[in-house]
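What follows is one structure encoded as structure tokens, with my remarks underneath.
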Amino acid sequence: MAKTQNTPDARILVGIDISKNRHEVLIAVPGKTCWRRMTVLNTVDDYQRLISLLRGFERH
């Protein structure tokens, strides 16, 4: 079981279920009820897509 730690600067929670060919990602913003789910294939393009999405949360 994963431990969680609440800190004043906590921005988002990301869970990744890793497998050989693809990874299931769940993104949650504390205090909001909406969650974002996505599949990331084991490719550089999809890793970059995930990185871009996560960096986008810095602007909010």
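Coordinate-derived values only; no laboratory data. Bear in mind the structure is a predicted one, so any value in this text is a computation, not a measurement.
Give me the number: length gained by fully extending THR33 to VAL14, i.e. 0.36 nm times residue separation minus the C-alpha to C-alpha distance, one decimal in nm. Show your work: numbers first, answer last.
On the way: separation 19, 0.36 × 19 = 6.84 nm, distance 1.44 nm.
Roughly 5.4 nm would be gained on extension.
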Q. Is the shape of the range 20-60 best called rounded, prolate or oblate, per the rule: a/c under 1.5 gives rounded, else a/b larger than b/c gives prolate, else oblate, with a ≥ b ≥ c the square roots of the Cα gyration tensor eigenvalues?
A. oblate
